Amino acid sequence: MLSPADFVVITGGPGAGKTTLVERLAAAGCACSPEAGRGVIADQLATGGRGLPWADRALFAELMLQRDLRSHRQARLRRGPVIFDRGLPDIVGYLRLSGLPVPPHVDAAARRFRYRNRVLIAPFWPEIYRQDGERKQTPDEAERTYEHMVAAYTDYGYELVHLPRTTVDQRMRFVLDELAGDERRR
């Protein structure tokens, strides 16, 4: 069974290239866990649900929490490192960004279900930012989201490692080098 040290989070604001990077890592054979938010949005749109960031932010956060807890639990059964497209502290950052209180059970989940201490964070990158059917944030909100993720992960004791603003291939090499460094440190 894997330990939290094997759970690698890639976080940041929307539109900073996280999901593209995680998808490329998955295509290269890395075990990956998809972003909860995009999955929740897709499910809610398909079913006419209200758990959407533009309809009911608190419900959206609860649905992300359930999905992220399930992903964390499933990852413990895998072998080798698992790369997460966002983690539980992202929900805390999202709630704070939304001006909503962080419920005690969300705080408890972020404290209890841990990841590797070194979290990879994609900085806001206005040159590549694009809105789409699931990403409706303005560039300003995307940048503020990044800032809230920095604060949330820092508050939960994680060390942030900034991903370079470079090609997907070079970012992938950066992540793989970071993971290789973990192996050397063990």
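Scanning region 148-168 for residues being outside any loop (DSSP other than H, G, I, E, B) and at pLDDT below 95 gives a total of 1. Under 18 Å from the mean Cα position of the chain (by Cα), modelled with pLDDT of 95 or more and closer than 19 Å to Leu77 by Cβ: does that describe Val8? Against the criterion (under 18 Å from the mean Cα position of the chain (by Cα), modelled with pLDDT of 95 or more and closer than 19 Å to Leu77 by Cβ), Val8 qualifies. The conditions of being in contact with a Cys (Cβ under 9 Å, 6 or more places away or on another chain), modelled with pLDDT under 95 and either in a loop (DSSP other than H, G, I, E, B) or under 24 Å from Leu2 (Cα atoms) (or both) are not met by Gly133.
Among the residues making up region 48-101, a single one is farther than 19 Å from Pro34 by Cβ and either touching a strand residue (DSSP E or B) at 6+ places or on another chain (Cβ under 6 Å) or of a type in the set (Val, Ile, Thr) (or both): Val92. Between Glu35, Glu62, the distinction of being surrounded by 13 or more Cβ atoms within 10 Å (Cβ to Cβ) and without any contact (Cβ under 8 Å) to a residue 40 or more places away in the chain belongs to Glu62 only.
Rundown of residues vs (1) part of a loop (DSSP other than H, G, I, E, B); (2) surrounded by 21 or more Cβ atoms within 10 Å (Cβ to Cβ); (3) not basic (Lys, Arg), yes/no style:
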position	(1), (2), (3)
Arg78	yes, no, no
Phe84	no, yes, yes
Pro89	no, yes, yes
Arg96	no, no, no
Leu100	yes, no, yes
Ala110	no, yes, yes
Arg114	yes, no, no
Val119	no, yes, yes
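The values are calculated or read from the model by the stated rules, or taken from the named source; none is laboratory data. Values in this document were obtained by computation on a predicted structure and should not be read as measured data. With ideal geometry, Cβ positions are generated from the backbone for all residues, glycine too; neighbour counts draw on all protein chains shown.
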